[in-house]
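Chemist: So that we are looking at the same thing, I have put the structure below in structure tokens.
The values are calculated or read from the model by the stated rules, or taken from the named source; none is laboratory data. Quick caveat, the model's predicted, so the values are computed rather than measured. Neighbour counts run over all protein chains shown; Cβ positions are idealised from the backbone, glycine included.
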Amino acid sequence: MQKPQTSQLPELSAEQAARTVASAADSKKGTDIVALHVTELTSIADYFVLITGGSTTHVNALFEAVDEAMSHAGREPLHVEGRGEANWILMDYGDVVVHIFLDEARGFYGLERLWGDAPKLDLELLPG
């Protein structure tokens with residue numbers, strides 16, 4: 001019996017993955033979407049993508065959109081934290097770490113201040 005062929009998706013670069021995350025979040029009306037290029041500052045990841053949602057329901061919808069887009073691109077998270085509370089969901093893809101926050105949590109933790117030396121990726125998000 002021959003094993004069925006599966007189509008292999010080309011491996012996304014870290015930058016492509018960060019753009020995929022940002023685009024998925026933008027499609028679900030995520031706000032203040034920022035991708036920080038942290039390669040030179042830490043070995044944790046190449047990019048941190050920060051996204052804000054307006055409610056816990058919105059944060060969960062953003063999570064679902066990012067998860068689906070990355071899954072379609074052949075990527076599954078290595079680890080997910082905070083899904084139950086939905087005020088800060090962390091999705092670890094290895095080279096890209098996604099942070100989906102409620103506005104208050106984003107302000108409180110201040111990742112942009114902590115990683116202020118990291119250059120921002122120009123996302124050039126398309127409207128609609």
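Chemist: Of everything in segment 114-128, what is touching a strand residue (DSSP E or B) at 6+ places or on another chain (Cβ under 8 Å) and modelled with pLDDT under 90? Give them in sequence order.
Modeler: Hits for segment 114-128 are L123, L125.
Chemist: Check off (1) under 15 Å from V21 (Cα atoms); (2) in contact with a strand residue (DSSP E or B) (Cβ under 8 Å, 6 or more places away or on another chain); (3) surrounded by fewer than 16 Cβ atoms within 10 Å (Cβ to Cβ) for D103 and give me the number that stays unchecked.
Modeler: Only one criterion is unmet by D103, namely (1).
Chemist: When only residues in segment 47-68 that are surrounded by 22 or more Cβ atoms within 10 Å (Cβ to Cβ) and over 13 Å from R106 (Cβ atoms) count, which is nearest to the chain's Cα centre (by Cα)?
Modeler: For segment 47-68, the residue satisfying everything is V66.
Chemist: Let me ask something else about it. Determine whether E64 is over 20 Å from E112 (Cα atoms) and touching a residue at least 60 places away in the same chain (Cβ under 8 Å).
Modeler: Taking the combined requirement at face value, the residue does not satisfy it.
Chemist: Here's a follow-up. Within the set of pairs 6+ apart or on separate chains, which have a first residue in segment 30-50 that is of a type in the set (S, T, Y), a second that is surrounded by fewer than 21 Cβ atoms within 10 Å (Cβ to Cβ) and assigned to a strand (DSSP E or B), and C-beta atoms under 9 Å apart?
Modeler: Matching pairs, first to second residue: Y47/H37.
Chemist: Quick one: is E76 farther than 18 Å from V59 by Cα and acidic (D, E)?
Modeler: Judged against the criteria, E76 is a match.
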